[in-house]
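Report on the structure given below.
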Amino acid sequence: MKRREFLGLSLAGLGLTGCQSYSLAISETSDPTNTPASVITGISSGDISPDGAVIWSRCNTPALMHVEVSADPGFGHITQFTGSAALAPTDFNAKTVVTGLLPGQTWFYRVRFESLLVPGSFSEPLYGQFKTAPVIAGDLRFCWSGDTAGQGFGVDAERGGMLTYQAMRQQEPDFFVHCGDLIYADNPIPATIDLPDGTVWHNLVTPGKSKVAETIQDFRENYYYNFLDTHFVDFHRHVATLQMWDDHEIRNNWYPGQILTDERYQEKSVSVLAEYSRRAMFDCNPIRVHTTDARRIYRKVAYGPGLDLFLLDMRTYRGPNSENLQAEAGPETTFLGAEQLQWLKAELSRSTATWKIIVADMPIGLQVKDWGTDIAENLANHDGPPLGREFEMVELLSHLKQQQINNVHFITADVHYCASHYYDPQKAQFKDFNPFWEFVSGPLHAGTFGPSKLDDTFGPQVVFHGLPDDFIQGSAPSVGYQFFGQMEISGTTGELTVSHFNRAGEQLWQITLQPA
């Protein structure tokens, strides 16, 4: 089966017995005045900068978030920060922005909540660490991937849980980029799944993951579910993260304005669901809110003289999905949207970093379509000259060549396997661009699919992919085809080394690129 076919299957036959159920909601019947403040769900850091980061956590009662930061793991000297209040409207999620720290250094932090109902009462602390971005040249390493808890594959403790997060943690990256499908809001987690080898996958189950997400709280509980996994919790305590979204944060292959016919949904407007999901994403992750646009997800993250990251949003501004064959650019060919595309071009022109990595939530040249149709999900449509959404990529690639902007490459996820693609103008239908690489990784913990068909418009060549010829589509995480990518930049030579790993931490492929 193809990935899109698998996603369309009913979960009714997967079984709903035999596993322990966990409730992640805060009880409405408890007496908050007698409830001691406690850190629940977990902690995480993200959106790092040279002088700080965003810290996220969640409490069980109305409380004020406090964060203490120290360069000393023993917290011999601390700097204190007070964040937002954990209150019912945000389901007691809270964030603290820490600033004024030295760049390029590991910082240790602890989170406590001060009860607003019992003055002077504090929760027990929970500890974590992150590394601020550097301002001088030095070695750096980061990982990326996507796709967590998809196709009904949740936390099976008997099979070790989400082991890819453990493998990434062992690489000791400076930070991690999640390229989208942070959650699968349209994929409920069943108690059991019968696997092709005759064994049974046993999930931890929760009420919040027993149906498709339609309310802000439904979407929040998708994020909470992932924190049931010990490897996920440990990873987010020790590694700062950068989050993007793709389609499953809302629903498979969604676009603004779409009206659903899926009988599982009472709310049929995808645009309404997307705003609920966007709110939950900001509530439940350490993401900075843009100063003038609270809905904005795309952003630039500078990580010293060696690296600039450009995180895109390929969902919010797109036109309706279609066969993507329009002969002229217009509203129906919008993908990034004019404002985001102009922002990206301007930021790339201003960048002085050696390596400029564009973080996309979908690949460029892989054909991704609604199952059983010719409806295109991303830029690619079929072989031939640029059409439809490909006009935006023409504009971007032409800009890079005309402005002589070098060392620009792409990382992405979405398609549930890993691959390395070299885009060669000599083998492309459209030739007015400089060669570049696109590195695809994932899934972190979901069904595995692929490989996908290429579109030759921009000349992609498969240099590597991580699936064997006898691969079975939709394989469970326990089969082992779960992947993450890694980039390392040398502080002395400026070389960029890119690697693919599986969930056992085994290196599958590597290449070293020289800076132009």
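The values are calculated or read from the model by the stated rules, or taken from the named source; none is laboratory data. Small disclaimer: the values here were computed from a predicted structure and weren't measured. Positions of Cβ are backbone-derived with ideal geometry, glycine not excepted, and every protein chain shown enters the neighbour counts. For the accessible areas, the whole protein counts, side chains as well, though only heavy atoms, and no ligand, DNA or RNA atoms are used. Shrake-Rupley method; radii C 1.70, N 1.55, O 1.52, S 1.80 Å.
Set side by side, the residues GLY480, GLY485 differ, and just one is surrounded by fewer than 17 Cβ atoms within 10 Å (Cβ to Cβ) and under 22 Å from HIS178 (Cβ atoms), which is GLY480.
Checked against the criterion of being of a type in the set (Val, Ile, Thr) and open to solvent by 50 Å² or more (accessible area, probe 1.4 Å), the range 277-290 contains one or more residues that satisfy it.
Conditions tested, residue by residue: (1) open to solvent by less than 10 Å² (accessible area, probe 1.4 Å); (2) among the small types (Gly, Ala, Ser); (3) touching a helix residue (DSSP H, G or I) at 6+ places or on another chain (Cβ under 6 Å).
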| position | (1), (2), (3) |
| --- | --- |
| GLY138 | no, yes, no |
| CYS143 | yes, no, yes |
| ALA157 | no, yes, no |
| PHE176 | yes, no, no |
| ASP181 | yes, no, no |
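Scanning the range 287-328 for residues that are more than 17 Å from ASP414 (Cβ to Cβ) and among the charged types (D, E, K, R) turns up ARG288, ASP293, ARG295, ARG296, ARG299, LYS300, ASP308, GLU323, GLU328. For the range 303-340, the set of residues classified as touching a residue at least 24 places away in the same chain (Cβ under 8 Å) and small (Gly, Ala, Ser) consists of GLY304, GLY306, GLY319, SER322, ALA327, ALA329, listed by residue number. Can you work out which of the residues in the range 402-432 that are aliphatic (A, V, I, L, M) and part of a loop (DSSP other than H, G, I, E, B) is farthest from the chain's Cα centre (by Cα)? Step by step, filter the range 402-432, then rank; the result is ALA428.
Exactly one residue among THR206, THR215, THR241 is open to solvent by 30 Å² or more (accessible area, probe 1.4 Å) and either closer than 30 Å to LEU140 by Cβ or polar (S, T, N, Q) (or both), and that residue is THR215. When LEU102 is tested against (1) out of contact with any helix residue (DSSP H, G or I) (no Cβ under 9 Å at 6 or more places or on another chain); (2) on the phi > 0 side of the Ramachandran plot, just one condition goes unmet, and that condition is (2). If the condition is being surrounded by fewer than 18 Cβ atoms within 10 Å (Cβ to Cβ) and part of a helix (DSSP H, G or I), then the range 331-379 contributes PRO331, GLU332, ALA338, GLU339, GLN342, LYS345, ALA346, GLU347, SER349, ARG350. Only one entry in PRO443, PRO451 is open to solvent by less than 10 Å² (accessible area, probe 1.4 Å) and in a loop (DSSP other than H, G, I, E, B), namely PRO443. With respect to (1) within 27 Å of TRP437 (Cα to Cα); (2) touching a helix residue (DSSP H, G or I) at 6+ places or on another chain (Cβ under 6 Å), the lone exception for CYS284 is condition (1). The single condition among (1) modelled with pLDDT of 95 or more; (2) closer than 29 Å to MET393 by Cα; (3) in contact with a strand residue (DSSP E or B) (Cβ under 7 Å, 6 or more places away or on another chain); (4) not β-branched (Val, Ile, Thr) that GLN514 does not satisfy is (3). In this entry, PRO196 is excluded by the filter for residues that are free of Cβ contacts under 8 Å to residues at least 40 places away in the same chain and open to solvent by 50 Å² or more (accessible area, probe 1.4 Å).
Evaluating GLY450 against the criteria (1) in contact with a Lys or Arg (Cβ under 8 Å, 6 or more places away or on another chain); (2) at pLDDT 95 or above; (3) closer than 18 Å to LEU508 by Cα leaves one unmet condition, (2). Quick one: which of GLN20, GLN80 is open to solvent by 30 Å² or more (accessible area, probe 1.4 Å), under 25 Å from THR99 (Cα atoms) and either modelled with pLDDT of 95 or more or not charged (D, E, K, R) (or both)? Just one listed residue meets the conditions, GLN80. Looking at this structure, is PHE310 buried (at least 18 other Cβ atoms within 10 Å of the Cβ) and under 30 Å from ARG237 (Cα atoms)? So PHE310 passes the test.
Checking the stated criteria, HIS399 turns out not to satisfy the condition of being under 21 Å from LEU344 (Cβ atoms) and either basic (Lys, Arg) or part of a strand (DSSP E or B) (or both).
Checked against the criterion of being out of contact with any Cys (no Cβ under 7 Å at 6 or more places or on another chain), open to solvent by less than 20 Å² (accessible area, probe 1.4 Å) and touching a residue at least 24 places away in the same chain (Cβ under 8 Å), the candidates LEU64, LEU101 yield just one match: LEU101.
The criterion of at least 3 residues that are without any contact (Cβ under 8 Å) to a residue 24 or more places away in the chain is met, among helices (runs of 4 or more DSSP H) falling completely within the range 204-295, by 270-283.
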